[in-house]
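We did not get these values from a lab; they are worked out from the coordinates using the rules stated. All values derive from a computational prediction rather than experimental measurement. Using ideal geometry, Cβ is built from the backbone for each residue, glycine included, and neighbour counts are taken over all protein chains shown.
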Ligand code: PLP
């Protein structure tokens with residue numbers, strides 16, 4: 001830090017403050033974790049100074065022998081850990097991994113047959129007429145994914161995201177009564193829309209997904225099954241999700257982030273079946289430039305950690321702690337979407353406290369509990385204010401929290417929620433933005449969390 005401070009003290013200060021904040025609060029954001037010192041250190045070194053566009057052994061720059069070692073090691077660990085035929089470890093983030101996957105599927109399913117039909121090997125060999133035909137065909141494809149308010153992700157076809165503009169998008173939701181995925185409904189929509197891509201995976205759905213069933217649906221309508229396991233990759237790696245609930249053997253293409261429950265560096269990856277491997281490896285130059293070699297190295301380190309038996313113990317604890325947290329909240333009167341959890345997260349519906357998700361998020365933050373607001377299915381408050389709060393167990397489980405600690409966390413959360421009231425607007429209605437947390441609760445909660 002002294003070296004950094006001698007150049008830019010503001011940044012050294014921000015790094016120090018971030019460490020202090022992370023140490024003095026309860027980190028309950030479902031997509032966050034604490035990477036190991038080995039993983040963190042691997043991100044700050046000379047690998048960062050090297051350009052290496054291309055793939056292992058096939059680079060557009062000289063002198064990439066060390067980056068080749070790094071990328072190959074990370075890919076080997078990923079294949080072994082997840083039992084995947086092929087792994088591509090260059091994507092800089094989850095969004096990049098999804099973009100690589102979308103274009104790979106389009107290339108494999110639409111571009112290759114068009115090239116074959118025109119007798120061409122490469123798009124540059126197409127006549128202008130055939131090129132225009134191909135571009136039109138690429139722009140006319142359908143995707144079916146989980147809706148945002150049911151727990152899907154922006155990249156699964158949300159209109160403001162590029163995925164919603166690239167594809168003619170349709171979505172499936174959850175059962176209005178149970179909040180659970182309704183596979184018959186997914187099948188019905190798939191038959192109706194005939195998507196090129198059926199996408200499964202989520203950011204805020206607190207249950208397991210049956211990927212074997214999703215694959216059956218995809219096969220019936222000729223769709224490619226893509227699973228975005230960004231949130232629960234740690235549970236797959238740690239063998240909590242196996243059989244029908246392990247996406248990797250069922251999906252044609254599986255994408256993930258590496259920094260959430262998988263506890264690696266901030267980044268993404270694509271795993272796929274052999275027939276998609278060539279197209280996936282063309283992520284650079286399709287949507288990526290030079291890979292972040294230092295991050296690929298950190299992925300290799302984190303994946304090596306995830307291959308240790310201790311990671312399976314960790315992953316099981318993440319899931320067990322989520323159940324303890326869910327039960328601790330429900331027994332104290334909190335309503336949870338789907339009345340429980342089967343993964344690493346719970347989704348609270350805070351409307352019975354007369355507050356929005358945004359007010360709950362802010363009041364919890366005042367008390368040192370870091371969460372994020374989240375829409376609940378068919379949320380009357382929309383995606384900005386919301387009626388929900390999403391809470392996850394990966395980070396505090398890394399800190400060693402178990403059942404006792406998570407029950408205490410549930411108690412603290414309920415104390416804060418029941419001590420929060422909305423203030424009123426000039427017209428006398430409850431304000432969606434302002435709230436009051438009863439005096440003393442923030443300090444009391446911070447002191448209690450320091451003791452856990
Ligand atoms: N996919 C899912 C399911 C996610 O939840 C997220 C992030 O929240 C992403 C993709 C995007 O990851 P990133 O923020 O690394 O781009």
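Observations on the structure shown:
- Projected label distance in nm at residue 244 and residue 1, using a 7 Å step from Cα toward the beta-carbon: 5.1 nm
- Overall shape: oblate for segment 1-47, with the ratio a/c of the largest to smallest alpha carbon gyration tensor axis at 1.5 or above and b/c at least equal to a/b.
- Over the chain, Cα pairs under 8 Å with separation of 6+ residues give a relative contact order of 21 percent.
- Segment 139-252 shape via C-alpha gyration tensor axes, a/c threshold 1.5: rounded
- Computed E for residue 112/residue 216 - FRET, C-beta separation, R0 25 angstrom, nearest 0.05: 0.50
- Gain in span if fully extended, residue 378 to residue 51, counting 0.36 nm per residue against the direct Cα distance: 113.1 nm
- Rounded to 10°, Cα long-axis angle of helix 441-451 versus longest principal axis of the chain: 70 degrees
- Normalised by the number of residues in segment 228-327, the average gap of Cα pairs under 8 Å and 6 or more apart makes the relative contact order 31 percent.
- 222 nm mean residue ellipticity, helices alone, for the chain (DSSP H n ≥ 4; -39,500 (n - 2.57); rounded to 500): -13500 deg cm²/dmol
- Taking 0.36 nm per residue of separation and subtracting the current Cα-Cα distance, fully stretching the chain between residue 8 and residue 332 would add 111.9 nm.
- DSSP bridge analysis restricted to the chain gives an antiparallel fraction near 60%, rounded to the nearest 5.
- The long axis of helix 9-24 is offset from the longest Cα principal axis of the chain by roughly 60 degrees.
- 0 to 90° range, to nearest 10: angle between helix 183-193 axis and the chain longest Cα axis: 40 degrees
- Ordering 325, 47 by the number of other Cβ atoms within 10 Å of each residue's own Cβ, fewest first, gives 47, 325.
- Relative contact order (%) - criterion: Cα under 8 Å, at least six apart; region: segment 146-223: 30 percent
- Legend: calculated FRET efficiency, residue 452 to residue 121, from the Cβ-Cβ distance at R0 = 45 Å, rounded to 0.05, equals 0.15.
- Linear extension gain, residue 423 paired with residue 136, 0.36 nm per residue minus alpha-carbon span: 98.0 nm
- Estimated from the Cβ-Cβ distance and a Förster radius of 30 angstrom, the FRET efficiency linking residue 80 and residue 29 is about 0.55.
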